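Working notes for the structure below.
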Amino acid sequence: MSSAGPRKDRMAETPTAQHSPPARPEAGLMRDMFRTMWLIRRFEERAAEEYMKGHIGGFLHLAIGEEAAVVGSIAALRPTDPITSTYREHGQALARGSDPRAVMAELFGRSTGICGGRGGSMHLMDAGRHFYGGYGIVGGSIPLAVGLGFAIAYREEEGVAMAMFGDGATNQGVLAESMNMAALWRLPVVFFVLNNHYGMGTAIDRASADPDLFKRAEAFGMPATQIDGMEVLAVYRAVLEAARLAREERQPSMIEALAYRYRGHSMSDPDTVRVADEKERWEARDPLVTFERVLLGQAALTGDDVAAVRAEVEGVVEDAVQFATDSPPVPVAELARHVYAHPWDDAPTGSAVMP
Ligand SMILES: Cc1ncc(C[n+]2csc(CCOP(=O)(O)OP(=O)(O)O)c2C)c(N)n1
Ligand SMILES: [Mg+2]
């Protein structure tokens, strides 16, 4: 019954605009967003290289191509608004301001990593910056965001919790449970689905009876919008409005950002399922290139500024790789620290890092 082949291209369709867009962000914020998008792009490209050299173990899921959705959404929140994410979350940590050194060192499994080298790529967390983590369980972090939203409401604070998840998570029952509870109790939560059109190698229209994911919100009486996730300003505006609704009206909402990841599901995926033509069409709308054009057009940046941003970011990423390389591994005897409540009797053997 399921239809084979590439999914219907919904990029060009008009998003469902539910809110009137607020004014354009000021130039300084747009320049910050541009820099962060480049930081994420180069960080991940370098991480891929280090993975291929065997310096990063475990899994490595890259979000190259998704930078606009990641940066635009987080830029629209306050730094104290809690966020949860998935295993594809290097960008979320960097956009929240986590130290690129600590993030790279975490990928390398070093003791200087943001989680002491225990979590690795899929489990970045920076509680001090209210980034409550990457999770390996698809959909698993969504109810945590609802809990964070509940805490905000219970304490009568002003925050907004944002659950960031992929299209694949929308068919997990926990999303319906979470949305129902958030709507019923009017919790300040933004459900942000980054629809990159695939869950591993399965196209969205082979997994979802209705691939318009934002429609799920209607069942809970929740406002929702589908936006172009390749346009950072469109994402920024949508999340700004969703955050306002949550903050001022205790109204949870859903945003579906249509985007694409340029690479396979993880570094171990040869990405043979998706057709070249489809990849090329999305890459032709690269969010970094289109945003650069916008900024140049508005004279928010000059060509020299762009070059300077790229050079500066290059330095930050190289420094992060060097820092991770030079950092000590987690001592084997310390591996179980933070993992078990009681000391581990049988001393583990072997190396904590890739050779
Ligand atoms: C509960 C659960 N089921 C299955 C998996 C295996 N799995 C890992 S990633 C993934 C695809 C998820 O796709 P999506 O939510 O669209 O996120 P994306 O990888 O596209 O960012 C699956 C099925 C898992 N990690 N957890
Ligand atoms: Mg997906």
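The values are calculated or read from the model by the stated rules, or taken from the named source; none is laboratory data. For clarity, every value in this text was computed on a predicted model and none was experimentally measured. For neighbour counting, all protein chains shown are included, and Cβ atoms are generated from backbone atoms with ideal geometry for every residue, glycine included. Just so you know, the surface numbers come from the protein's heavy atoms only, side chains and all, with ligands and any DNA or RNA stripped out. Shrake-Rupley method; radii C 1.70, N 1.55, O 1.52, S 1.80 Å.
The figures follow:
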quantity: Inter-part distance where the range 20-81 and the range 125-184 are each reduced to a Cα centre, Å; calculated: 20
quantity: In sequence order, calculated HN-Hα J values of the range 26-43 (Karplus, 6.51, -1.76, 1.60; Hz; x Gly/Pro); calculated: 5, 4, x, 5, 5, 5, 4, 5, 4, 4, 5, 4, 5, 4, 5, 4, 6, 4
quantity: Helix-only [θ]222 nm of the chain, DSSP H runs n ≥ 4, -39500 (n - 2.57) each, per residue, nearest 500; calculated: -12500 deg cm²/dmol
quantity: Packing rank of 323-330, 130-137, 303-310, where each peptide gets the mean count of other beta carbons within 10 Å, highest leading; calculated: 130-137, 323-330, 303-310
quantity: ³J(HN,Hα) computed for each position of the range 324-341 - Karplus, 6.51 cos²θ - 1.76 cosθ + 1.60, integer Hz, glycine/proline x; calculated: 5, 4, 7, 6, x, x, 5, x, 4, 5, 9, 4, 7, 5, 6, 9, 10, 5
quantity: Sequence-distant residues sharing a close amide H with residue 227 (under 5 Å, placed H); calculated: 256, 257, 258
quantity: DSSP-defined antiparallel bridges as percent of all bridges, the range 27-327, nearest 5; calculated: 15
quantity: Estimated vicinal HN-Hα couplings, Hz - the range 293-309 in sequence order (Karplus 6.51, -1.76, 1.60; Gly, Pro = x); calculated: 4, 4, 5, 5, x, 8, 6, 7, 9, 9, x, 5, 4, 4, 4, 5, 4
quantity: Solvent-accessible ranking of 302, 290, largest area first, probe 1.4 Å; calculated: 302, 290
quantity: GNM flexibility winner over the chain from 238, 183, 341 (Cα, springs under 10 Å); calculated: 341
quantity: For the chain, size of Cβ-based charge dipole, Lys and Arg +1, Asp and Glu -1, in debye; calculated: 380
quantity: Portion, in percent, of the accessible area of the chain that falls on carbon or sulfur, probe 1.4 Å; calculated: 55
quantity: Positive-pole candidate from 47, 77, 150, dipole of the range 27-327, charges at beta carbon; calculated: 150
